[in-house]
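Structure first, then comments.
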Amino acid sequence: SRKLKEAVVSTQSTGSAWVNQGRYRSNLLDTYRFSEGDPTLFHGITMDATPSFSWDNEFWELFHPGYREPPVTNPDLIATIYPKSKIIISLRDPIKRMQSAYQFFCAYHVYNCDTPVTPEKFHGLVVEAIDSFNKCRTTNTVRGCVYSTESHQLATHLYASIYSVYLKDWLAVFPRDQIYVVQFEEHIENQAHSFLKLCDFLEIERFDEVDLTEYIKTHLVRNSLKDSKRIPYMLPETISLLEGFFAPFLGQLVEMLGDEKWSWGRPTTSDDRL
């Protein structure tokens, strides 16, 4: 762990949220100073683990009124500030991600949810989210609707699971060898192997696999969400509806990344409009 800390540093427990939110109220360099007021910056690998950087651009409409799509996104900003950035993106089965987001945000009162959560309530929210997105598509582009806050339903985070649209924007400004896309399920199944591959991507020396495995065992992060806050199951009609919605986006993702594993075993279709 000492070796890891010498190579990589972050002053945040999870992430700064500077690019998508904090830049409107704070100085970026303050995130990477050793301490408040210290003019010295860390000269190793600085890290920011803000998950929403990959998709959250909710303020763009305030600065670009009248645009149907955002002319500038988080990838553009990061590429301008530091074009040599190495981007690590973790993707999970989009339907399971939606279920997890709904449970988490309702449990911790991030959004005003109708509790307790149930499969039926989740299904109703999914129907609303898809209807809102499809309504947007009658007057706007797919990309415009993915980014449009007017079509965002926060409880299910449907829009945040449309990975291919966001990834396309990242690939537009960063070379492919600067973006590492890891499948969440594969990482969880073999974390040591996953971390060693990340070392290669970051161009740092690999850790001893035995020591790394032991470190992972003693630093496991467990989901503390109570069973009463979870959806016990998902209705078959919910799964069917979501699989139909995501099929063209998963098809696009498979084509972009060149591997069928990015469909998570779910149906895919081709849509020239994407």
**Request:** Could you tell me which residue of the stretch 177-199 is nearest to residue 54 (Cα to Cα), considering only residues that are more than 18 Å from the chain's Cα centre (by Cα) and open to solvent by 80 Å² or more (accessible area, probe 1.4 Å)?
**Result:** 177
**Asked** Looking at (1) more than 30 Å from residue 63 (Cβ to Cβ); (2) in contact (Cβ under 8 Å) with a residue 40 or more places away in the chain; (3) open to solvent by 20 Å² or more (accessible area, probe 1.4 Å), which is the only condition residue 222 fails?
**Response** (2)
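Quick grid of which residues meet (1) open to solvent by 40 Å² or more (accessible area, probe 1.4 Å); (2) at negative phi; (3) modelled with pLDDT of 85 or more:
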| position | (1), (2), (3) |
| --- | --- |
| 18 | no, yes, no |
| 34 | yes, yes, no |
| 46 | yes, yes, no |
| 50 | no, yes, no |
| 59 | yes, yes, no |
| 82 | yes, yes, yes |
| 95 | no, yes, yes |
**Request:** Please list, ordered by first then second residue, the pairs with beta carbon atoms under 7 Å, 6 or more apart or interchain, first in the stretch 187-203 and in contact (Cβ under 8 Å) with a residue 12 or more places away in the chain, second open to solvent by less than 30 Å² (accessible area, probe 1.4 Å).
**Result:** 187/194; 191/216; 192/212; 192/216; 194/182; 195/212
**Near pairs, Cβ below 8 angstrom, 6+ apart or cross-chain, from the stretch 51-67 (farther than 14 Å from residue 169 by Cβ) to any residue that is charged (D, E, K, R) and assigned to a helix (DSSP H, G or I)** = 67/61
**Request:** Exactly one condition in (1) surrounded by 15 or more Cβ atoms within 10 Å (Cβ to Cβ); (2) touching a residue at least 60 places away in the same chain (Cβ under 8 Å) is not met by residue 254; state its number.
**Result:** (2)
**Prompt:** Looking at this structure, is residue 173 over 21 Å from the mean Cα position of the chain (by Cα), open to solvent by 40 Å² or more (accessible area, probe 1.4 Å) and hydrophobic (A, V, I, L, M, F, W, C)?
**Reply:** no
**Request:** Among the residues of the stretch 61-78, write down those that are of a type in the set (Asp, Glu) and surrounded by 16 or more Cβ atoms within 10 Å (Cβ to Cβ).
**Result:** 69, 76
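Here's the yes/no breakdown for (1) at pLDDT below 95; (2) outside any helix (DSSP H, G or I); (3) closer than 19 Å to residue 244 by Cα:
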| site | (1), (2), (3) |
| --- | --- |
| 154 | yes, yes, no |
| 157 | yes, yes, yes |
| 169 | no, no, no |
| 172 | no, no, no |
| 182 | no, yes, no |
| 217 | yes, no, no |
| 220 | yes, yes, no |
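The values are calculated or read from the model by the stated rules, or taken from the named source; none is laboratory data. Keep in mind that what you see is a predicted model, and the values were worked out from it rather than measured. Positions of Cβ are backbone-derived with ideal geometry, glycine not excepted, and every protein chain shown enters the neighbour counts. Accessible surface areas use protein heavy atoms only, side chains included; no ligands, DNA or RNA. Shrake-Rupley method; radii C 1.70, N 1.55, O 1.52, S 1.80 Å.
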